[in-house]
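K.L.:
Sharing a structure with you now.
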């Protein structure tokens with residue numbers, strides 16, 4: 001996909017071993033400059049599990065901490081799912097890291 005000026009797409013996969021299990025989350029987020037904050041999702045979640053709210057909360061908090069919340073739109077393009085390790089915390093961590101990575105490109 002070609003990015004427009006002022007647009008960046010970040011893919012981030014987070015896996016961490018915590019005690020007897022792993023925590024996992026993987027997201028693809030597309031950021032654009034805008035006049036106001038907007039968040040949309042076109043990701044398909046498996047079964048009843050849907051952590052879109054966790055992704056939104058992490059993105060919003062990270063953008064607010066950077067002082068650019070009001071000037072950014074974010075689209076959750078896709079997620080990668082691990083049947084055993086995927087969880088709310090994993091997707092929140094992946095979304096925070098992807099949002100921070102968007103400032104590095």
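The values are calculated or read from the model by the stated rules, or taken from the named source; none is laboratory data. The structure presented is a predicted model; accordingly, all values stated were derived computationally and were not measured. Every residue, glycine among them, receives a Cβ derived from its backbone with ideal geometry; neighbour counts consider all protein chains shown.
K.L.:
Being touching a residue at least 40 places away in the same chain (Cβ under 8 Å) and surrounded by 14 or more Cβ atoms within 10 Å (Cβ to Cβ): is that true of residue 68 here?
P.N.:
Working: touching a residue at least 40 places away in the same chain (Cβ under 8 Å): no; surrounded by 14 or more Cβ atoms within 10 Å (Cβ to Cβ): yes.
No.
K.L.:
Going through 28, 78, 70, 64 one at a time, which residue ends up being closer than 16 Å to residue 103 by Cα and in a strand (DSSP E or B)?
P.N.:
Numbers: 78 fails: closer than 16 Å to residue 103 by Cα; 70 fails: in a strand (DSSP E or B); 64 fails: in a strand (DSSP E or B).
Sole residue among the options that is closer than 16 Å to residue 103 by Cα and in a strand (DSSP E or B): 28.
K.L.:
From the list 93, 101, which one is surrounded by fewer than 17 Cβ atoms within 10 Å (Cβ to Cβ), in contact (Cβ under 8 Å) with a residue 12 or more places away in the chain and not in a strand (DSSP E or B)?
P.N.:
On the way: 93 fails: surrounded by fewer than 17 Cβ atoms within 10 Å (Cβ to Cβ).
One residue alone meets the criteria, 101.
K.L.:
Hey, another quick one. Which condition from (1) out of contact with any strand residue (DSSP E or B) (no Cβ under 7 Å at 6 or more places or on another chain); (2) at pLDDT 95 or above is the one that residue 83 breaks?
P.N.:
(2)
K.L.:
Does residue 43 satisfy the criteria of being modelled with pLDDT of 95 or more, touching a strand residue (DSSP E or B) at 6+ places or on another chain (Cβ under 9 Å) and assigned to a loop (DSSP other than H, G, I, E, B)? I'd like the intermediate steps shown before the answer.
P.N.:
Values: modelled with pLDDT of 95 or more: yes; touching a strand residue (DSSP E or B) at 6+ places or on another chain (Cβ under 9 Å): yes; assigned to a loop (DSSP other than H, G, I, E, B): yes.
So residue 43 passes the test.
K.L.:
Counting just the residues of segment 31-40 that are surrounded by fewer than 18 Cβ atoms within 10 Å (Cβ to Cβ), in a strand (DSSP E or B) and in contact with a helix residue (DSSP H, G or I) (Cβ under 9 Å, 6 or more places away or on another chain), which one comes out modelled with the lowest pLDDT? So that I can check it myself, show each step before the final result.
P.N.:
Of all residues in segment 31-40, those surrounded by fewer than 18 Cβ atoms within 10 Å (Cβ to Cβ) come to 32-40.
With the extra rule that they be in a strand (DSSP E or B), the set shrinks to 32-33, 38-40.
Among the residues that remain, those that are also in contact with a helix residue (DSSP H, G or I) (Cβ under 9 Å, 6 or more places away or on another chain) are: 33, 39.
On the way: 33: 92, 39: 97.
Filtering first and then ranking leaves 33.
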